[in-house]
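Read through the structure below, which is laid out as structure tokens, and then see the notes.
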Amino acid sequence: MPRCVNTSVLQRVSSYAQTFAVTAPFQYAHLASGSSSKHHPANYRNLSSWAGVRSTQLSSGNEKTGNKSQFRRHLSTRKDLDFQLSQVHINNILRCNEQTVSVPEFDGRKLSAVRKFESNQVAANTPNEDRCCAATCLQSEGMLFGVFDGHGGWACAQAVSERLLYYIAVAMMSKKSLEELEQCVEHSRPVPPILQCYKHHTDFNYQESASLYMDHLRVFWQDLLNNEEHGDGMSPCDALLCGFKRLDADISLEAQILSSSDLMKSTAIQVAFSGCTACVAHVGTDGIHVANAGDCRVVLGVQEEDGSWSALPLSRDHNSKNQAEVDRITAQHPPSERHTVVTDDRLLGVLMPLRAFGDVGFKWSLELQETILANYESRVDLDSLDLYQYEPPNYLTPPYLDVTPELTYHKLRPQDRFLILASDGLWDELGNEEAVQLIGEHQSGIHLQGPLSPSERQLRLGQMHELLLKRQTRAFTALDTNSATHLIRHALGTGEYGQLCQDRLAAILALPEDLARMYRDDITATMVYLNSDSARLQRN
């Protein structure tokens, strides 16, 4: 579909920016909580107010949770609004979070299925609520890649990005390896590394919760040791399923246990009451296993024999656009709730993703929520946290939400070239085929133009002119070496005829933080380039 940039985005951006530069705070707050949010703010009880540096860091408003925060930041002034960003400034914004990692062809055991990966993030929320991670499994085989999209703040996405890959990797370890791990911990010997994590310069960990996280990971592998059927370890498919469910159970448990540390208690309750969607891919020589809960997405880029590119989705979005998902959730509740479980395209009229980590406000009973929060109120200053408990209408038969991922397996083929893992901020702007073609042509440097179809030959002169402009724009030289940046640049800056529009890109990136989230979402993208030689060896 043509992107009516000049009449739709740029004019509205400029108009609103000019208005907000001088408008009253109450006018701004009213619009910020309007119908544009993905999650209705009605029917929730505000348990706290904005206060403290840490609460600012751990929470922010978000469309998916409907928590468009009260007007708390200084309103932008005209001098803040510079819509004439230079190309250098645009490049600096787009490239500051780039990461490129080349993977050794042999990992010491066999040929690696991954050649390299590239990732990038561009935030709309402040702070960014997306997370991503990548790691090589050292006690089993393959690599793990994850993308996480937080809502109601970034606390849950942060915790899940730190922990989930370890849960999956531990589940794939053999009983013998787990016994060695347990012995090392028991006798305070150096613990053999489970993962080689590829840290990004923006990564950080919840240092104050590290001991708690390690304790619960240990309990998990002890449970696996007590399972007589564990043997050689779980398959990637089973490990993904088990890892997702066990971590979510631990997040719920940690919020119910009152720690001796106020900081750990605050972190635990914020992680549990916020939420995040998650999409994780395990890439090995035997194929690709994907676990998805929510609306992040994995798409495989395939190069056909004629050199053209095609997209093969390896996950399905879990939202109201997926009728099978709506039917699944509706079937879990009494017939009397058939019209209330999913309403206004949201779970209970509030939450947009239909599977997620955390979000205990959609999983716990109201009695449990009130009990836990009452216990916290006597031990923790809830006013220092930007914490909301939702009381959606028709909250009759919880739980309404779970994190059980949808699993997909794809056997690698020589024509499979790369994976795109991305949060919904990217997919809101680009379709699967468009994204794959952008990356495929970026890597090959070849821009294929098929012959005009019979219907295209019948176009009027003006329509033919538009078609030729679109075809011409595909031959432009790429501005970025990092393919994730290339993808994000096109997602934010593609004009009406598929061309990169400098004015559009400048306007979108120049929006101050109190406006940016109204026009775009956080975007996180990871490109995983596959080793076609490993697929050929598997076939032989």
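The values are calculated or read from the model by the stated rules, or taken from the named source; none is laboratory data. This structure is a prediction, so every number in the text was calculated from the model and none was measured. Note that we place each Cβ from the backbone using ideal geometry, even for glycine, and neighbour counts take in every protein chain shown. With ligands, DNA and RNA removed, areas are computed over all heavy atoms of the protein, side chains included. Shrake-Rupley method; radii C 1.70, N 1.55, O 1.52, S 1.80 Å.
Here are a few things to note about the model shown:
- Annotation: amide H-H contacts under 5 Å for MET352 (H modelled 1.01 Å from N, sequence separation of 5 or more, or interchain): LEU347.
- Working note: Karplus 6.51/-1.76/1.60 with θ = phi - 60° gives the range 349-356 the couplings x, 10, 9, 7, x, 9, 9, 5 Hz, where Gly and Pro are set to x.
- Entries of LYS116/LYS411; LYS110/LYS176; LYS176/LYS199; LYS176/LYS411; LYS110/LYS411 with Cα pairs more than 25 Å apart: LYS176/LYS199; LYS176/LYS411
- A simple packing score, the average count of other Cβ atoms within 10 Å per residue, orders the peptides 356-366, 134-144 as 356-366, 134-144, with the highest score first.
- Antiparallel content of DSSP bridges confined to the range 238-309, in %, to 5: 100
- 1.4 Å probe accessible area per residue over the range 97-166, in Å²: 28
- The accessible surface of the range 113-248, taken with every protein chain in place and a 1.4 Å probe, is 49 percent carbon and sulfur.
- The alpha carbon radius of gyration of the range 138-249, expressed as a multiple of 2.2 N^0.38 Å, is 1.07.
- Alpha carbon convex hull of the range 97-199, projected area averaged over orientations, nm²: 7.9
- Gained length - ARG328 relative to PHE204, 0.36 nm times residue gap less alpha-carbon distance: 41.0 nm
- Stokes-Einstein D (µm²/s) once Rh is taken as the Kirkwood radius of the range 332-377 over alpha-carbon pairs, at 25 °C in 0.890 mPa s: 202
- Divided by 2.2 N^0.38 Å, where N counts the residues, the Cα radius of gyration of the range 301-438 comes to 1.41.
- Sequence-distant residues sharing a close amide H with GLY498 (under 5 Å, placed H): ARG3
- Peptide ranges 412-423, 367-378 listed from the most packed, as the mean C-beta count within 10 angstrom indicates: 412-423, 367-378
- Inter-label distance, nm, simple model (7 Å from Cα along the C-beta direction), ASP223/GLN183: 2.5
- For the range 253-314, the fraction of 1.4 Å probe accessible surface lying on carbon and sulfur atoms is 51 percent.
- For q = 0.09, 0.10, 0.13, 0.15 Å⁻¹, Debye-computed log10 I/I(0) when each Cα of the range 187-330 counts as one equal scatterer: -0.42, -0.52, -0.86, -1.10
- Relative protection proxy for 486-496, 287-297, from highest mean packing down: 287-297, 486-496 (other beta-carbon atoms within 10 angstrom).
- Estimated at 0.36 nm per residue, the fully extended path between PHE106 and LYS176 surpasses their Cα-Cα distance by 22.8 nm.
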